[in-house]
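The values are calculated or read from the model by the stated rules, or taken from the named source; none is laboratory data. It should be emphasised that the depicted structure is a prediction, and the values quoted were computed from it without experimental measurement. So basically every Cβ, Gly included, is an ideal-geometry build from the backbone, and we count neighbours across all protein chains shown.
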């Protein structure tokens, strides 16, 4: 018998999610990155292409980018790539949860653990091609400041910023 209503929400708030910092060349991160880029290839087939070696390539990134795996009972189900700027704001550059772990509260639990793991303001942008992600982040970052902006690539985005003291509530 499944949980519904308040019982379901209470179970979701206790999700056993562990965040593990990893090197950017960690094999688990590389495999999850392939799944992430595969999803983006459906949205941007002209920009995210598979190579002759049957692998997608993530663009060169800042050496300051930190990688964190999300684990549920020791099994990786996603990752985040983050970077802190000179002003002390942490940026979520990439955030991914595998399809089989979505809509179970694991992504929300991972995002909250990520934000709670480092004090200070957090920010991220969401592209218009990803409306599901915008809905997810609006739930997780409830009360965040939101503004429209245009990225360096000319694509409009929504930027969400969560202050250093505020935290999203379930």
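Does residue 71 meet the test of being under 16 Å from the mean Cα position of the chain (by Cα), surrounded by 19 or more Cβ atoms within 10 Å (Cβ to Cβ) and part of a strand (DSSP E or B)? Criteria not met by residue 71. Do we find a residue being part of a loop (DSSP other than H, G, I, E, B), surrounded by 11 or more Cβ atoms within 10 Å (Cβ to Cβ) and either in contact with a strand residue (DSSP E or B) (Cβ under 7 Å, 6 or more places away or on another chain) or touching a residue at least 60 places away in the same chain (Cβ under 8 Å) (or both) anywhere in segment 94-101? Within segment 94-101, one or more residues are part of a loop (DSSP other than H, G, I, E, B), surrounded by 11 or more Cβ atoms within 10 Å (Cβ to Cβ) and either in contact with a strand residue (DSSP E or B) (Cβ under 7 Å, 6 or more places away or on another chain) or touching a residue at least 60 places away in the same chain (Cβ under 8 Å) (or both).
Being assigned to a loop (DSSP other than H, G, I, E, B) and farther than 22 Å from residue 66 by Cβ narrows it down to one of 138, 142, so name that one. Lay out the reasoning, then the answer.
Details: 138 fails: assigned to a loop (DSSP other than H, G, I, E, B).
Of the residues listed, the single one that is assigned to a loop (DSSP other than H, G, I, E, B) and farther than 22 Å from residue 66 by Cβ is 142.
Of 24, 104, all but one fail to be assigned to a loop (DSSP other than H, G, I, E, B), touching a strand residue (DSSP E or B) at 6+ places or on another chain (Cβ under 7 Å) and in contact (Cβ under 8 Å) with a residue 24 or more places away in the chain; the exception is 24. For segment 32-64, name all the residues that are modelled with pLDDT of 90 or more, under 24 Å from residue 128 (Cβ atoms) and surrounded by 13 or more Cβ atoms within 10 Å (Cβ to Cβ). Once the filter is applied, which keeps residues that are modelled with pLDDT of 90 or more, under 24 Å from residue 128 (Cβ atoms) and surrounded by 13 or more Cβ atoms within 10 Å (Cβ to Cβ), segment 32-64 yields 33, 35, 36, 37, 39.
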